[in-house]
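Enquirer: Input: one structure, supplied below.
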Amino acid sequence: MIIDANELKRRYLKRMKGVRDGRAYIGPQTVVLDISNSCNLRCQYCEGHHAPGNPAHFHKACFFPWEKFLKTVRDCVDLSVDQIHILGKGEPTIHPLFRDMMRHLEQRPLKVKLFTNATFPLEYCSDVIKGDHVVINLSAVDRQQYRRLHGKDLFSRVIRNIQQLVALRDAGKPGFLIEINVVMNAFNIKQKQKMRNLAARLGVGMVHFTKMDVHAYNKGIALSKGPQLGVQPNAPRTPSACLNGWFYMIVKADGDVSPCYRIHSKYLGDFDQWSLKKLWLSKRMMNMRLLGKYGHIQKMYKVCGACPFYDENVKLAKAVKASLL
């Protein structure tokens, strides 16, 4: 559900005032629900547990509990959260209650963004489009390449689902955003234009290219060093001020809660005994916000050296500084 622009601006200003004052006047802008660690693909570049050769692949399946989901969504509404992102350490649509979740969210004043590999059954499209934005992980332009990169022969199913989502969008929900995310590697680096052409034929106007993060298990398909045909590198950049604690929170199926997926091991509380609202308003969470604001959290975690929120944090820090002048 799209929220009024004036209301979004009011919420943004309250968050900025909170940064300035060291208070939490309102909930985060975005809450990420990591609802499943299971996946039906074995993508070679996977950042989760599912790439061939990844020693963490055989983790026990874990799904976000339904009652916890209802409680978390209720807290999001109470805290005036702007949007919920539905994703997974694996594939979120595998969750047994995924369709019920989308139907529940459709009735709430929250923007919903889904991250998926789009291999779900065709009938799921009618529930996917109940959200506002879908990001589809598709890094191959044909069936043979898909099987090689994604590990299964499901290219035709993905294309069929994209076509169905486009048809549903055009028939009654023109504001629904469909985006393709392409993870660039040695197998597809020369096919950027082919991917743009495929997206255009399907009716998808948004294509995002990202460089594969290299690990021991996927270094065989890593891009060679040097210029990579317009693919932005994952530059080592650490913001002087991390303001995620006022704008972002991720809740995982196993109960981990954090303002950043890079430091999800930071203990904030037992989510089974607490609630999103209590954690957000807790002294522990405020301490973490202030550690980030004054540059201390970045020194505690090596992963902050390649901050995925660098640009956002720099922009927010400048805005806060300007408000103090």
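The values are calculated or read from the model by the stated rules, or taken from the named source; none is laboratory data. If you're wondering where the values come from, they're calculated on a predicted model, not measured in any experiment. For neighbour counting, all protein chains shown are included, and Cβ atoms are generated from backbone atoms with ideal geometry for every residue, glycine included. Just so you know, the surface numbers come from the protein's heavy atoms only, side chains and all, with ligands and any DNA or RNA stripped out. Shrake-Rupley method; radii C 1.70, N 1.55, O 1.52, S 1.80 Å.
Enquirer: Considering segment 86-134 alone, what residues qualify as being in a loop (DSSP other than H, G, I, E, B), open to solvent by less than 40 Å² (accessible area, probe 1.4 Å) and closer than 18 Å to residue 71 by Cβ?
Expert: Taking segment 86-134 first, the residues in a loop (DSSP other than H, G, I, E, B) are 88-91, 95-97, 107-110, 117-121, 129-132.
Among the residues that remain, those that are also open to solvent by less than 40 Å² (accessible area, probe 1.4 Å) are: 88, 90-91, 95, 110, 117-120, 129, 131-132.
If the condition is that a residue be in a loop (DSSP other than H, G, I, E, B), open to solvent by less than 40 Å² (accessible area, probe 1.4 Å) and closer than 18 Å to residue 71 by Cβ, then 95, 110 are the ones that fit.
Enquirer: Considering segment 148-184 alone, what residues qualify as being within 16 Å of residue 204 (Cβ to Cβ) and acidic (Asp, Glu)?
Expert: Hits for segment 148-184 are 170, 179.
Enquirer: Starting from segment 241-255, keep only residues that are more than 15 Å from residue 301 (Cβ to Cβ) and buried (at least 24 other Cβ atoms within 10 Å of the Cβ), then list their pairs with residues that are at pLDDT 95 or above and among the basic types (Lys, Arg) whose Cβ atoms are within a distance under 6 Å, requiring at least 6 positions of separation or different chains.
Expert: 246/15
Enquirer: To continue, here is another question. Return yes or no: is residue 262 modelled with pLDDT under 90, part of a helix (DSSP H, G or I) and closer than 21 Å to residue 90 by Cα? Lay out the reasoning, then the answer.
Expert: Numbers: modelled with pLDDT under 90: yes; part of a helix (DSSP H, G or I): yes; closer than 21 Å to residue 90 by Cα: yes.
Considered against the rule, which asks whether it is modelled with pLDDT under 90, part of a helix (DSSP H, G or I) and closer than 21 Å to residue 90 by Cα, residue 262 comes out as yes.
Enquirer: Among (1) touching a residue at least 40 places away in the same chain (Cβ under 8 Å); (2) in contact with a His (Cβ under 6 Å, 6 or more places away or on another chain), there is one condition residue 113 misses while meeting the rest; what is its number?
Expert: For residue 113, the exception is condition (1).
Enquirer: Hey, another quick one. Considering only segment 34-63, state which residues are in contact with a His (Cβ under 7 Å, 6 or more places away or on another chain), at pLDDT 80 or above and either part of a loop (DSSP other than H, G, I, E, B) or of a type in the set (A, V, I, L, M) (or both).
Expert: 35, 37, 39, 41, 42, 43
Enquirer: Follow-up. Could you tell me whether segment 209-218 includes any residue that is assigned to a helix (DSSP H, G or I) and open to solvent by 10 Å² or more (accessible area, probe 1.4 Å)? So that I can check it myself, show each step before the final result.
Expert: Step one: filter segment 209-218 for residues assigned to a helix (DSSP H, G or I), giving none.
Checked segment 209-218: no residue is assigned to a helix (DSSP H, G or I) and open to solvent by 10 Å² or more (accessible area, probe 1.4 Å).
Enquirer: Of the numbered conditions (1) assigned to a helix (DSSP H, G or I); (2) closer than 15 Å to residue 41 by Cα; (3) open to solvent by less than 60 Å² (accessible area, probe 1.4 Å); (4) small (Gly, Ala, Ser), residue 167 fails exactly one; give the number of that condition.
Expert: (2)
Enquirer: Restrict the check to segment 18-28 and report whether at least one residue is closer than 30 Å to residue 188 by Cα, open to solvent by 70 Å² or more (accessible area, probe 1.4 Å), aromatic (Phe, Trp, Tyr) and in a loop (DSSP other than H, G, I, E, B).
Expert: So far as segment 18-28 goes, no, none of its residues is closer than 30 Å to residue 188 by Cα, open to solvent by 70 Å² or more (accessible area, probe 1.4 Å), aromatic (Phe, Trp, Tyr) and in a loop (DSSP other than H, G, I, E, B).
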